[in-house]
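The values are calculated or read from the model by the stated rules, or taken from the named source; none is laboratory data. In this text the structure is predicted, and so the values were computed from the model without any measurement. Glycine also receives a Cβ, built like all others from the backbone with ideal geometry; neighbour counts cover every protein chain displayed.
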């Protein structure tokens, strides 16, 4: 058994789990954060993506014990209270989801993608960077649209803030 | 996944000690090992996590000499400014591994220790004539990769870094398996002070290998045109539902041509 | 159209929970005392079970129960059935082999469930599953349907000779033969439709809970049609009578057909819950899904298409062998028959058609409806043949199609269907314009300069949605009716609940159904709740498949709304002292036309419940139910054009553009309709370029994970150009045709027609992977 302590969505949490417990199962079963999903066995589908220490990783390919000491953000912790994160808002506005199963992982991957490309994104880059997230419903058309829109909104937002600071 | 005991090493020496537990295995990024454990294809009794060891992380470039810590992630290799100047081909290669989430976790040491016949790093290190540094010795890449999932590593030996001299020219071209995104064929070519090297991953029945045919042609002229009529033999190449040996042989020639063109660009 | 009414591009209400992690799927459900199940599955494609020893497994840590098929049979649980009776042309009924939810004597495909293990944790259940000792005697297996019907092939079921399930025909054989004989030209092809795995992103799951005190079962399951699940589990599998069985399909992560059927796992989980005394949850791994979800397609056909000297089609003869896998899944028999051969007239005037269909057992996973179900197979066969014919006849593919289009409606085809409305030229025109078809020659020449092979291909599809009416499908062998139910409950404060038998697993019903209500009463969609997926809440319903929720499900709601509206008007007329005929409902106001007299909507609702001042004799309350049974199928149609560029060195196909021009009839929410088309196209492109389930000769599935089965990724696809040009459907009150499957139906031939055009070959196998394309290029050179 391992003692696992983490900061998840801003809260300190801990638990004692079998060493073989995957982070995704710790989140879902011990913490009840069921927004993070499992859609494959081979670390490819990306429905399990969460942020660990600021990086979007697959929580199905990491032991809870490995993550101990880390800071984690899941889909449940992305919005700022009632205010949706710009990526969440863009997915809704542009119909970037249908059944919703891949959506949390998509959104977590997309926020990371946007953060890695502060200069902005183009369609080809978005499509290439979605290699680790599989969606069966949308044909990706509106997901790509949503991410591009969110990226634009966020860079505008960032510029606005920079202006204010100046 | 079968039951397993997890240990987080505090130093390389500690990791070496922990490795003596039962059938222990090192855990770095875990991008190959954990999926294998989930499907019960791998069943180590103990896992020794070295991913947080600071000694194993980071990229140093000094003159033409590049040293990369074993637990450096693919993302960090792909995004390192010093490396992108010294050996852009390797940074580019790292950006083609798996997907973004995998690149954040997977490490160079883990990749070469596993020596998957379709992994990218083995081709790079072989073509770069790199040296694999362990807690016990230094091993030339030519002697390190020993066939499918086999390396020269001895029991209890831990890769701490890899090092190489940045070549004058280098490039990597990868043809991905449409499903797994591993290489069906990946060709890494280099032109350095010791001549031309061309290493091929994804294709060989015995794993990564240097293509004598391509190296011989490029030794005459390091130019895509030198590979114009080249025939890569299909013998010894893998055949599966995604690609026949003939198709792989063709792809080796095509990827090599494109890699040379990119290296010269 | 109001801002939230019919035709408005309204963002989805349900998204809020999905984008914040608040979706509730079966695996998210927790019941006190719940334990976890793992199924022991056959590693062999075909074997006798000699012995099952569970002792070791039972003694493993955490194990609560290890149960076998023998115990299941002893408790009277029935075999799985196929719910659509098809008779062979000799009049004999289809040969349905016994399918026990847990195999007893014999296993017939890799993945066949044999034992269920229930333990405290899933890990423990898996550990124990490995300790179950099963002795098999392996038998020879056959995976290819064309081989399975040959003499000497391994016999899979005692009920069927030579693995033949039925040998069925439709149309006029004599007339068709005569047409072929006297034809000016006959195009002949062999057409293979590759086997696919549906791969909804949420794996199948079931949670069975037996309440001993109430002698009552609850089943949470990943179902597209919970009521049908309850009906079948009660009536055929003897799990429990319907009043003692509640089936809940909460948020479901995609279905695409694969979650229509009742599988062994939900039955066994319910039974195991009673047997072990604990709630039992099972969630499939992805590989388990690959092995045991119903697969799709897998047809091998020959076709002859006859033309007169004016290039008009005079006859079509088709012979199809359809692989149904190891057992007959719930609707497997209707897919290669009434959902396939009845669509073989396509968009064309064809005076004589004959199709013969043989369905066959093999040692592979059961095959059933997958997005499009029969219609993609018909479209692929027809549109590949039209393309080849155009090339053989030396006419443009567009011209050949135009010459043969049906242009007057209604149109009776020789294969049952009566097309009610359509404008096929309009879709073709729209698609050719959007794709700049005229500029293709120039683009091809440009590509050639860059060393690339460019091709263009079109596909004019028709499909049939909202299978109906019930009496007609009953006469064709269906075991169920295909109507839908609705209940509209206006609350005393004017908010509204709509209970529907349709089930949303991505289609956005919570939004579109509310838009329909908004259109009628002006109530904001946030004040309208759509209730579905629970047999305790919603009366009998038929679920969602075959693109039926709009045409059938919403029509039922419209009918219930009619009744509510009529009663509300009566109440308002009484309160406003006006004539009932003068009452209109607009923007949330109930008004007397031509006056300033009005009441807010909620006051009418309140009046219905206070019942202080109702018209004489009127019952209190404002709640109405309706059942809607359509008069006919609906016939969405359209034209898809794809343009590809091939790298001859590697065989890689890039889709340069993909254009879809559809006719879906009236549209409630264009944004959602476009989303359906996008997703369908991606699956169609997947079939054409990427996906294929591949068994080896011994019956092992070689493509049993995403490492080997190529799922379309974002980088494999372009953005799509979609548009609609609509002719309202005259067969239902809303004029809706349905849009859920069109993309998957129309796109594969458009892609393959483009690739064969680029390569200058007659045919290429799907999926046209880089290696397949490269091989075709090489074969052509030599």
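Of the helices (runs of 4 or more DSSP H) lying entirely inside the stretch B:1-98, those containing at least 3 residues that are touching a strand residue (DSSP E or B) at 6+ places or on another chain (Cβ under 8 Å) and not assigned by TED's automatic domain parsing to the domain that holds residue B:157 span B:12-18, B:33-38. Given the structure, is residue C:772 more than 13 Å from chain A (Cβ to nearest Cβ) and part of a helix (DSSP H, G or I)? Criteria met by residue C:772. Screening residue A:141 with (1) within 14 Å of chain B (Cβ to nearest Cβ); (2) modelled with pLDDT of 95 or more gives one miss only, at (1). Across the stretch A:34-72, the qualifying residues are those that are more than 7 Å from every other protein chain (Cβ to nearest Cβ) and in a helix (DSSP H, G or I), and the one among them that is nearest to residue B:36 (Cα to Cα) is A:60.
Yes or no: residue C:546 surrounded by 21 or more Cβ atoms within 10 Å (Cβ to Cβ), touching a helix residue (DSSP H, G or I) at 6+ places or on another chain (Cβ under 6 Å) and outside the structural domain of residue C:84 (by TED's automatic domain parsing)? Against the criterion (surrounded by 21 or more Cβ atoms within 10 Å (Cβ to Cβ), touching a helix residue (DSSP H, G or I) at 6+ places or on another chain (Cβ under 6 Å) and outside the structural domain of residue C:84 (by TED's automatic domain parsing)), residue C:546 does not qualify. Scanning the stretch A:87-110 for residues that are more than 7 Å from chain C (Cβ to nearest Cβ) and either over 23 Å from residue A:12 (Cα atoms) or without any contact (Cβ under 8 Å) to a residue 24 or more places away in the chain (or both) yields a total of 8.
Can you say whether residue A:84 is within 9 Å of chain C (Cβ to nearest Cβ) and surrounded by fewer than 24 Cβ atoms within 10 Å (Cβ to Cβ), as far as the supplied structure shows? Answer is yes for this residue. Scanning the stretch C:512-522 for residues that are under 23 Å from the mean Cα position of the chain (by Cα) and surrounded by fewer than 24 Cβ atoms within 10 Å (Cβ to Cβ) returns no hits.
Taking residue C:725 as the residue in question, decide whether it is at the interface with another protein chain (Cβ under 7 Å from one of its Cβ atoms) and either touching a helix residue (DSSP H, G or I) at 6+ places or on another chain (Cβ under 7 Å) or closer than 16 Å to residue C:660 by Cβ (or both). Against the criterion (at the interface with another protein chain (Cβ under 7 Å from one of its Cβ atoms) and either touching a helix residue (DSSP H, G or I) at 6+ places or on another chain (Cβ under 7 Å) or closer than 16 Å to residue C:660 by Cβ (or both)), residue C:725 does not qualify. The residues in the stretch A:95-145 that are under 12 Å from the mean Cα position of the chain (by Cα), in a loop (DSSP other than H, G, I, E, B) and surrounded by fewer than 24 Cβ atoms within 10 Å (Cβ to Cβ) can be counted, and the count is 0. Screening residue A:3 on (1) touching a strand residue (DSSP E or B) at 6+ places or on another chain (Cβ under 8 Å); (2) more than 17 Å from residue B:47 (Cβ to Cβ); (3) more than 11 Å from chain C (Cβ to nearest Cβ) shows it passes everything except condition (2). Only one entry of B:143, B:154 meets the criterion of being in the same structural domain as residue B:115 (by TED's automatic domain parsing), out of contact with any helix residue (DSSP H, G or I) (no Cβ under 8 Å at 6 or more places or on another chain), under 26 Å from residue B:86 (Cα atoms) and modelled with pLDDT of 95 or more, and that entry is B:143. Total residues in the stretch B:177-208 satisfying the condition of being part of a strand (DSSP E or B) and in contact (Cβ under 8 Å) with a residue 40 or more places away in the chain: the figure is 16. Residues that are within 14 Å of chain A (Cβ to nearest Cβ) and in a helix (DSSP H, G or I) within the stretch C:68-125 comprise C:122, C:123, C:124, C:125, listed in sequence order. Just one of the listed residues (C:134, C:165, C:116) is touching a helix residue (DSSP H, G or I) at 6+ places or on another chain (Cβ under 7 Å) and surrounded by 18 or more Cβ atoms within 10 Å (Cβ to Cβ), and it is C:116. Within the stretch B:107-122, the set of residues being touching a helix residue (DSSP H, G or I) at 6+ places or on another chain (Cβ under 8 Å) and either in a helix (DSSP H, G or I) or crowded, with 24+ Cβ neighbours inside 10 Å (or both) comprises B:107, B:108, B:109, B:110, B:111, B:112, B:114, B:119, B:120, B:121, B:122. Each residue in the stretch C:238-260 was checked for being surrounded by 24 or more Cβ atoms within 10 Å (Cβ to Cβ) and more than 14 Å from chain A (Cβ to nearest Cβ), and 3 pass. Yes or no: the stretch C:667-680 includes at least one residue that is modelled with pLDDT of 95 or more, within 14 Å of chain A (Cβ to nearest Cβ) and more than 23 Å from the chain's Cα centre (by Cα). No; the residues of the stretch C:667-680 include none that is modelled with pLDDT of 95 or more, within 14 Å of chain A (Cβ to nearest Cβ) and more than 23 Å from the chain's Cα centre (by Cα).
Comparison of A:23, A:31 shows that the only residue that is surrounded by fewer than 24 Cβ atoms within 10 Å (Cβ to Cβ), in contact with a strand residue (DSSP E or B) (Cβ under 7 Å, 6 or more places away or on another chain) and more than 8 Å from every other protein chain (Cβ to nearest Cβ) is A:31.
Taking the stretch C:728-769 as the range and being in contact with a strand residue (DSSP E or B) (Cβ under 8 Å, 6 or more places away or on another chain), outside any helix (DSSP H, G or I) and within 14 Å of another protein chain (Cβ to nearest Cβ) as the test, the residues that pass are C:739, C:740, C:741, C:765, C:766, C:768.
Considering each of C:47, C:57, C:37 in turn, give the residue that is surrounded by 21 or more Cβ atoms within 10 Å (Cβ to Cβ), away from chain A (no Cβ under 14 Å) and over 34 Å from the mean Cα position of the chain (by Cα). Of the residues listed, the single one that is surrounded by 21 or more Cβ atoms within 10 Å (Cβ to Cβ), away from chain A (no Cβ under 14 Å) and over 34 Å from the mean Cα position of the chain (by Cα) is C:57. Within the stretch B:60-71, the presence of at least one residue that is under 15 Å from the mean Cα position of the chain (by Cα), within 14 Å of chain A (Cβ to nearest Cβ) and in contact (Cβ under 8 Å) with a residue 40 or more places away in the chain is confirmed.
Return yes or no: is residue C:443 in contact (Cβ under 8 Å) with a residue 40 or more places away in the chain, more than 30 Å from residue C:9 (Cα to Cα) and out of contact with any helix residue (DSSP H, G or I) (no Cβ under 9 Å at 6 or more places or on another chain)? Against the criterion (in contact (Cβ under 8 Å) with a residue 40 or more places away in the chain, more than 30 Å from residue C:9 (Cα to Cα) and out of contact with any helix residue (DSSP H, G or I) (no Cβ under 9 Å at 6 or more places or on another chain)), residue C:443 qualifies.
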